[in-house]
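Read the figures in this text as sums done on the coordinates, not as results from a lab. Because the structure is a prediction, the values reported are computed rather than measured. FYI the Cβ positions are ideal-geometry reconstructions off the backbone, even for glycines, and counts take in every protein chain you see.
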Amino acid sequence: MASNTGWVWHEAYAWHDTGTAAGYLPSGGWLQPHENLESGDSKRRFAELVAVSGLGDELQRIAAQPASVEDLLRFHAPQYVEKIRRLSADAGGDAGELTPFGKGSWEIACLSAGGCIALLDAVWSGRVRNGYSLNRPPGHHADADLGRGYCIFGNAVVAIRNLQARCGVARVAVVDWDVHHGNGTQGGFYEDPSVLTISLHQDGNYPAESGSTEENGRGAGIGSNLNVPLPAGSGTGAYLSAFERVVLPALERFRPEILVVLSGFDACNMDPLGRMMLHSNSYRQLTRLLMDAAERLCGGRLAMFHEGGYSPVYVPFCGVAVLEELSGRRSPVVDPFLPFWENLPGQRLQAHQEAAITRAARLVEAVPVPA
Ligand SMILES: [Zn+2]
């Protein structure tokens, strides 16, 4: 019998075409064209390891339907939505900043947001207890009127606004462990006390100008946005400490009715766009901590949406570890990299990392408590 864990993946997600580039910069001048670091590879290989290992048979497949324009407009500006549709129907273009896309990416971006909507719906309605949407393109950098950092539509904002509009959910919490700051998700709920947003990220990575602890919400939303900028080089010890001292106590105060996790695997030891040290077992432990919190606070309701992760070789092992934990089923997959990385000295919490966590922890007592 399948587990109570939902799984969203659509082959078209791998067809979203980010073209050639030199890493993440457009080629030209001294930059010879090469692959874009954001491609379908890491996602497709994650999905294939899930299938080949047999783990996929233990999960409940949830079909993604394209998000409607009405869904997108709950967050995005009409002229921006129209621009993406028009460019995609033509020859593609750039959604704004470092977000290239090819012909046909409109349909795929709508399907990416739609995968998140479908999973959130399945978790909220109790069809599954928790689940993972391996959707692409990612969403957490997208602003209302600008695509940024490979993100066309703000998948999480669109999905949460959809759930709130249809089901009247009063309190949603978002924990974003992608190595980059979740600026778009932060912006989508910055003045809104109904959604607690917490981002753990590498300090100053991307976007360079956002993600400080001072960004704590505005107006009615004051206190309901927490940033934990961690120094480059942070490992499992730093992340576990940040969870213990910031993420978990903030969730306990806020008492969400459902927990959304924005899962990027670019804080792993092998990522070309991050400088952190996590491995599959770190992600397994972080997943367990969030599942326990969801169990205590909101009947176990937890939905994960995929964000970044640019190591085609290693992302699949992080993903399988998270899915094993969510579903309670073990696959025969063994992470062959784990023995190299698990016991590196840098995995332990360092004093300068602890100081950064202490700065963020001071804000926990200002997280709004439900009336
Ligand atoms: Zn990222």
**Message:** Looking for something under 16 Å from the mean Cα position of the chain (by Cα) and of a type in the set (D, E, K, R) - is there at least one such residue anywhere in segment 230-253?
**Reply:** no
**Asked** Which one of ASP178, ASP192 is outside any helix (DSSP H, G or I), among the charged types (D, E, K, R), out of contact with any Ser or Thr (no Cβ under 6 Å at 6 or more places or on another chain) and crowded, with 24+ Cβ neighbours inside 10 Å?
**Response** ASP178
**Request:** Quick one: which helices (runs of 4 or more DSSP H) lie wholly within segment 1-92 and hold at least 1 residues that are hydroxyl-bearing (Ser, Thr, Tyr), in contact with a helix residue (DSSP H, G or I) (Cβ under 7 Å, 6 or more places away or on another chain) and surrounded by 17 or more Cβ atoms within 10 Å (Cβ to Cβ)?
**Result:** 41-52, 78-89
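Residue-by-condition table, conditions (1) of a type outside the set (A, V, I, L, M); (2) farther than 24 Å from VAL195 by Cα; (3) more than 16 Å from the ligand (Cβ to nearest atom):
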position: GLU307; (1), (2), (3): yes, no, no
position: SER311; (1), (2), (3): yes, yes, no
position: TYR314; (1), (2), (3): yes, yes, no
position: SER331; (1), (2), (3): yes, yes, yes
position: PRO339; (1), (2), (3): yes, yes, yes
position: ASN343; (1), (2), (3): yes, yes, yes
position: ARG348; (1), (2), (3): yes, yes, yes
position: ALA355; (1), (2), (3): no, yes, yes
position: THR358; (1), (2), (3): yes, no, yes
**Message:** Cβ contacts < 7 Å: first residue free of Cβ contacts under 8 Å to residues at least 24 places away in the same chain, restricted to segment 253-282; second residue within 14 Å of the ligand (Cβ to nearest atom) and not in a strand (DSSP E or B), any location; separation 6+ or different chain. Result?
**Reply:** none
**Request:** For residues that are more than 19 Å from the chain's Cα centre (by Cα) and closer than 21 Å to PRO207 by Cβ, scanning just segment 98-119, find the one that is surrounded by the fewest Cβ atoms within 10 Å (Cβ to Cβ).
**Result:** PRO100
**Residue satisfying condition, being in a helix (DSSP H, G or I) and more than 14 Å from the ligand (Cβ to nearest atom), within set ARG161, ARG127** = ARG161
**Request:** With respect to SER263, determine if the residue is within 15 Å of the ligand (Cβ to nearest atom) and of a type in the set (S, T, N, Q).
**Result:** yes
**Item:** Extreme residue, farthest from SER42 (Cα to Cα), among residues of segment 136-148 that are surrounded by fewer than 24 Cβ atoms within 10 Å (Cβ to Cβ) and within 16 Å of the ligand (Cβ to nearest atom)
**Value:** ASP143
**Request:** Inspect segment 200-215 for any residue being in a strand (DSSP E or B), away from the ligand (no atom under 14 Å from the Cβ) and touching a residue at least 24 places away in the same chain (Cβ under 8 Å) and give the result as yes or no.
**Result:** no
**Asked** From ALA122, ALA173, which residue is in a helix (DSSP H, G or I), in contact (Cβ under 8 Å) with a residue 24 or more places away in the chain, away from the ligand (no atom under 16 Å from the Cβ) and under 23 Å from THR5 (Cβ atoms)?
**Response** ALA122
**Asked** For segment 266-281, what are the residues that are within 16 Å of the ligand (Cβ to nearest atom) and either in a loop (DSSP other than H, G, I, E, B) or not hydrophobic (A, V, I, L, M, F, W, C) (or both)?
**Response** ASP266, ALA267, ASN269, MET270, ASP271, PRO272, LEU273, GLY274, ARG275, MET276, MET277
**Request:** Filter segment 176-199 down to residues that are among the β-branched types (Val, Ile, Thr) and out of contact with any His (no Cβ under 7 Å at 6 or more places or on another chain) and give me whichever is farthest from the ligand (Cβ to nearest atom).
**Result:** VAL195
